[in-house]
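Enquirer: To start, I am sharing the structure in question, which I have written as structure tokens.
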Amino acid sequence: MAPPSHLVALNSAGLRFGTKTLFQDLSFGLARGEKACLVGRNGTGKSTLLKIMAGQQELDEGQRFLQPGIKVAYLPQDPVFDQDETVFEHVKAGLRPEASESDYLVDAMLLHVNLPGDRLLTGLSGGEGRRAALARALISDPEVLLMDEPTNHLDLPTIQWLEEELGKFRGALMVISHDRAFLNHLTRQTFWLDRGKINRLGKGFEHYEAWADEMRQNEEQELHRLKRKIVREEHWLQRGVTGRRKRNMGRLRNLQDLRQKRQEWMKAPGTAKLQIDTLDTGGDKVITAENISKSYPLKDGGTREIIKDFSTKVKRGDRIGLVGPNGAGKSTVVKMLLGKIQPDSGSVKLGTNLTTLYFDQKREDLDPNSTLWEAMSPGGGDSIMVRGQQKHVVSYLKDFLFDEGQVRQPIYTLSGGEKNRLLLARMFAQASNLLVLDEPTNDLDMDTLDLLVEVLDEYDGTLLLVSHDRDFLDRLATAIYAVEGDGSVVEYAGGYSDYRNQKALGVDSEGQPLLDTSTIKPNKKENLSSSKPSKSVGKLSYKEQRELDSLPKMMEKLNEEATKLEAEMADPQLYSTNPERFQKATELFGKAHDDLALAEERWLQLEEKQESLKSGNA
């Protein structure tokens, strides 16, 4: 039986896939108010375990316990949608029945995740689909919230908003994530799934590594004692058991149990063997961009500026992190710096003898119907050239934690983390002097991510990193390009935390004051004397204008909802006949009232900014 405090729990749970036992006799649960993370290597069964907790998959053995009346919301790693639904319909379906008429809640949630409600799900990108699924899970107001990689494909502003929302969540939360900063800020409990067993730490993820190291060290000492005990028992066995069969068969069985226990301990997951070589060719100058600008036409006849009058110099060994909201134009900026997209004005000059490798988060280079073998050796054969040396395909893939049985399987059978490891295997087989990595951390387990950081840290070439992983950028980046989405791109020295601190102080990488976010300023010191401050663009950013346009409709709905709830609460019979509904109506009225005040305040801010921009006083 689960303890009474648990809202959801597993008792003596077991699950097998064919002949492989994923876990057995596993028991744990979540209580109200607990904010927990579930960690473990890729392939250990974390996502499967979360599905079982959510009631999405059946157990072979044991039981799942859920307190009566408890609402569970589950965010899968790869959401599947009804393609005929709109975003609004999909998110609204997550509302509880008593709040089903509260359209304003849907509008408010869609504003937070920056999605238009009239879009069809079939037309969403992977990141947009994830935000739609996230909105549906959060709007359901559950008592138990289970989330599998919730930050994948989210931009940093949305991640920070999600942290704040989950920080206020009063139910039971369990999350799987590779985002260290997200887990450090949020979690207070840690569950470690390791070789089919759950280990629990009553502290958040920031304490996990020291705890795991201590447990591994204790396990190594225990394994050493076990090996010595087996040697003693085997020595006794060699002296003969026939004459003492009846009284010593128990000792023989104990020896067999010791051998089995040692075999289980020896099955600890391996570590990927990541290596990458740097080409010595090429000069010190890698990329020189001077006053580059790029804009695209909009359907309404206007234009959207991606980048305006940006200048920079990238030298060999620089590690540049690109950050900004989804849709701000980070990929466009990268492609311009690589010479794949020509600027509308300005120039980009690339260094000599550059050999560039590109990691694409969309995995478009992977044919899902091809096998891993074919992906590594498309021309056939059983060996490939790895950094100038011949190596067998299977042997090389084993370095990236693929077993021999997987190499003939189609790529579509792989998990997200396994696909990313396959992409890394293809990349790292070649030498280069410029690496471009677009969201490389998605779906990787912590240990592989740590190893990737170590390998990239030792790389002597130049790195361009597009990432929303704050910890990853802090550990690697020497400079940040902040792509704001309104045409401004500003360079900051250091990693992500340095960027945040400098931005809060209002200075750029040279310690120079920044203009208002609606203006553009060259980011390099050598350009300051010859460049004049940019004039105000005279209008709100694309995102701000969209927000301003949607606020009146939202305020109208909020006001209608508040009026409707107020009238309902005025019924003198409601409290005596349905106290639960009275309490719920009171809560909804308070939330509608607060949301209306916030919406009105935001509308006034944007209106004042728009007037100021039009008058040229911004």
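Enquirer: Under a 5 Å amide H to amide H cut-off, with H placed in plane at 1.01 Å, what residues pair with Asp194 once short-range neighbours are removed?
Expert: Amide H to amide H, under 5 Å and 5 or more residues apart or across chains, Asp194 pairs with Asn199.
Enquirer: If you rank Tyr575, Tyr481 by fewest surrounding Cβ atoms within 10 Å, what's the result?
Expert: Result, fewest neighbours first: Tyr575, Tyr481.
Enquirer: Please list the radius of gyration and Dmax for the stretch 6-207, considering alpha-carbon atoms only, with Å as the unit.
Expert: That works out to 16.9, 50 Å for Rg and Dmax.
Enquirer: With just the Cα atoms of the stretch 540-612, tell me how far they stretch along each of the three principal axes, in Å, largest first.
Expert: Between the extreme Cα coordinates on each principal axis of the stretch 540-612 lie 53, 15, 14 Å.
Enquirer: If you add up the charges near Glu85, with Lys and Arg at +1 and Asp and Glu at -1, over every other residue whose beta carbon is less than 12 angstrom from its beta carbon, what do you get?
Expert: -1
Enquirer: Skipping prolines and chain starts, which residues have an amide H placed within reach, meaning under 5 Å, of the one on Leu22, given they are 5 or more residues away or on another chain?
Expert: Counting only residues 5 or more places away or on other chains, the set is Leu15, Arg16, Phe17.
Enquirer: Tell me which residues come under 5 Å, amide H to amide H, from Glu85 once H is placed; ignore anything under 5 positions away on its chain.
Expert: Leu121
Enquirer: I need the shape label for the stretch 122-165. Rule: rounded when a/c is under 1.5, else prolate if a/b > b/c, else oblate, with a, b, c from the alpha carbon gyration tensor.
Expert: oblate
Enquirer: Kindly rank 318-327, 564-573 from highest to lowest mean number of other beta carbons found within 10 Å of each residue.
Expert: 318-327, 564-573
Enquirer: Within the set of other residues whose C-beta is less than 13 Å from the C-beta of Ser102, count the net charge using Lys and Arg as +1 and Asp and Glu as -1.
Expert: Its environment carries a net charge of -4.
Enquirer: Starting with the highest mean, order 180-187, 77-84 by the number of other Cβ atoms within 10 Å, averaged over the residues of each peptide.
Expert: 180-187, 77-84
Enquirer: Which order, highest average first, do 488-500, 382-394 follow once you tally other Cβ atoms within 10 Å for each residue and take the mean per peptide?
Expert: In decreasing order of mean packing, 488-500, 382-394 become 488-500, 382-394.
Enquirer: Report the local net charge at Tyr296: Lys and Arg +1, Asp and Glu -1, summed over other residues whose C-beta lies under 14 Å from its C-beta.
Expert: +1
Every number here is computed from the coordinates shown, using simple stated rules; none is lab data. Predicted, not measured: the structure shown is a model, and the values here were computed from it. Cβ atoms come from the backbone with ideal geometry, glycine included; neighbour counts cover every protein chain shown.
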